[in-house]
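Below is one structure; the comments refer to it alone.
We did not get these values from a lab; they are worked out from the coordinates using the rules stated. Given the structure is predicted, the values throughout are model-derived calculations rather than measurements. Glycine also receives a Cβ, built like all others from the backbone with ideal geometry; neighbour counts cover every protein chain displayed.
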Amino acid sequence: MTRLISQPSLALLAASPRLPVLAVVALRFAGAVTQWDQRQRSRRALAGLDDHMLKDVGLTHAQARKEAKRPFWLS
């Protein structure tokens, strides 16, 4: 089973004054990968919404398609 680490947890670890530099870099990288994964999942879910659900969140089909096509590394 995969255990997800939340962004706030990673930030808390990275703020620790006693971590070696390599550990801080690794935590920042893990935070970025976690954020990229969340964006990819959100955009994939957005692409699967029908017109009724898009109307509920205040988006048009064209806006949702445009957002869903964005690369995961762009916020």
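What ranking of PHE72, PHE29 emerges when the number of other C-beta atoms within 10 Å of each C-beta is taken as an exposure proxy, fewest first?
Numbers: PHE72 16, PHE29 11.
Arranged by neighbour count, lowest to highest, PHE72, PHE29 become PHE29, PHE72.
The Cα-based radius of gyration and maximum Cα-Cα distance (Dmax) for the stretch 7-68 are 17.2, 51 Å.
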